[in-house]
Amino acid sequence: MEERLQKILSAAGLCSRRQAEEWLKAGRVTVDGVTASLGDKADKDHSVIAVDGKPLAAEPEKVYLMLNKPRGYVTTLSDERGRPTAASLTADCGVRVYPVGRLDMDSEGLLLMTNDGDFAQRMAHPRHRKEKEYHVTVSGALPGCDGRLRSLAALEDGTPIVPAKVKVLRRDGETWVLSVTICQGLNRQIRRMCAQTGLSVRRLRRVREGSLVLGDLPLGKWRVLTKAETAALLGEKGTS
């Protein structure tokens, strides 16, 4: 069956679809020895597809992992500034996997990793609106902060947001721990929301994505998702 080349390259775990498009534009991809162009299709089972002259290896088994990312790790495969990457924590899983979505360097918790480009695109695309729950330790203007966060309809730059679900988990003197659930995942969204309401974020940890819960997975460790967990994530409908 013919598929677009960027989909084939992404599914092979070589790159994202966007990066594959750049490779095609740069003339780095060939099909049966002929340089391919953006928009071309091929049948991976009957054609020799190569990048920089190196044929694609047999398609690896699809792998779906959950990592408990520590603070200080970036969610990229490599970093020009030499910072540690989330991918380095899963290097012992046996195949090359990459992060699904993002979790900023100063945040920690649940991060999906995979070599399945279709799965990554489905999980990360905004239209699917997977709920993501965070436990956020805050200080600052605490009384009524849960209500102020719930009432926000836009970020400081005017970007509209779907109202968050917020509840107070515990109060400890000058710091509170909140459960904040969002379904968009805009860049540093929760930190920006907190800043708008007079709160300073002391710790931000993602504990749930869709039906998948971080649980007691140790910090810096990963585990393979069960077939049931993967199926549930793919079968869930997004929130409105």
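Every number in this text was worked out from the coordinates using simple rules, so none of it is lab data. Quick caveat, the model's predicted, so the values are computed rather than measured. Glycine gets a Cβ as well: all are built from the backbone with ideal geometry, and neighbour counts include every protein chain shown.
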inquiry  = If I model a spin label as a point 7 Å beyond the Cα along the Cα-Cβ vector, how far apart are those points for residue 1 and residue 19 in nm?
reply    = 2.6 nm
query = What is the set of long-range amide H partners of residue 64 at a cut-off below 5 Å, with H atoms built 1.01 Å from backbone N?
reply = 225
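If each DSSP helix of 4+ residues adds -39,500 (n - 2.57) and the sum is divided by the residues in the chain, what number results at 222 nm, nearest 500 deg cm²/dmol?
Working: 7 runs with 52 residues, N = 240.
That calculation yields -5500 deg cm²/dmol at 222 nm.
Which peptide among 169-178, 81-90, 201-210 comes first, and what is the full order, when sorted by highest mean count of other Cβ atoms within 10 Å? Working shown, then result.
Working: 169-178: 13.2, 81-90: 15.8, 201-210: 19.6.
Descending mean neighbour count gives 201-210, 81-90, 169-178.
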inquiry  = List the residues, sorted by chain then number, that are 5 or more residues from residue 202 or on another chain and whose placed amide H is less than 5 Å from its amide H.
reply    = 137, 138, 139
remark   = Relative contact order as a percentage, segment 3-55, C-alpha pairs under 8 Å and 6+ apart, gives 35 percent
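So which GluC sites (Glu not before Pro) in segment 126-169 end up in coil per DSSP with only 13 or fewer other C-beta atoms within 10 Å? The partial results should precede the final answer.
Details: sites: 131, 133, 156; in loops: 131, 156.
Qualifying residues, ordered by number: 156.
Label segment 81-127 by shape, choosing from rounded, prolate and oblate, from the square roots a ≥ b ≥ c of the eigenvalues of the Cα gyration tensor; if a/c is under 1.5 it is rounded, and otherwise prolate applies when a/b is larger than b/c, oblate when it is not. Spell out each step's value before the answer.
Numbers: a/c = 2.19, a/b = 1.20, b/c = 1.82.
Verdict is oblate for segment 81-127.
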request  = For residue 207, enumerate residues with amide H under 5 Å from its amide H, sequence gap 5+ or separate chain, H modeled in the peptide plane.
outcome  = 110, 133, 134, 135
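Return the FRET efficiency for the residue pair residue 32, residue 118: r is the Cβ-Cβ distance, R0 is 25 Å, and the value is rounded to the nearest 0.05.
Numbers: r = 24 Å, r/R0 = 0.98.
Calculated transfer efficiency: 0.55.
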query = Hey, can you rank 220-233, 6-19 by average C-beta count inside 10 Å, highest first?
reply = 6-19, 220-233
key: segment 131-209 - Rg and Dmax from Cα coordinates, angstrom   = 11.3, 33
inquiry  = How far apart, in nanometres, would the label points at residue 157 and residue 202 be if each is projected 7 angstrom from Cα along the Cα-to-Cβ direction?
reply    = 3.0 nm
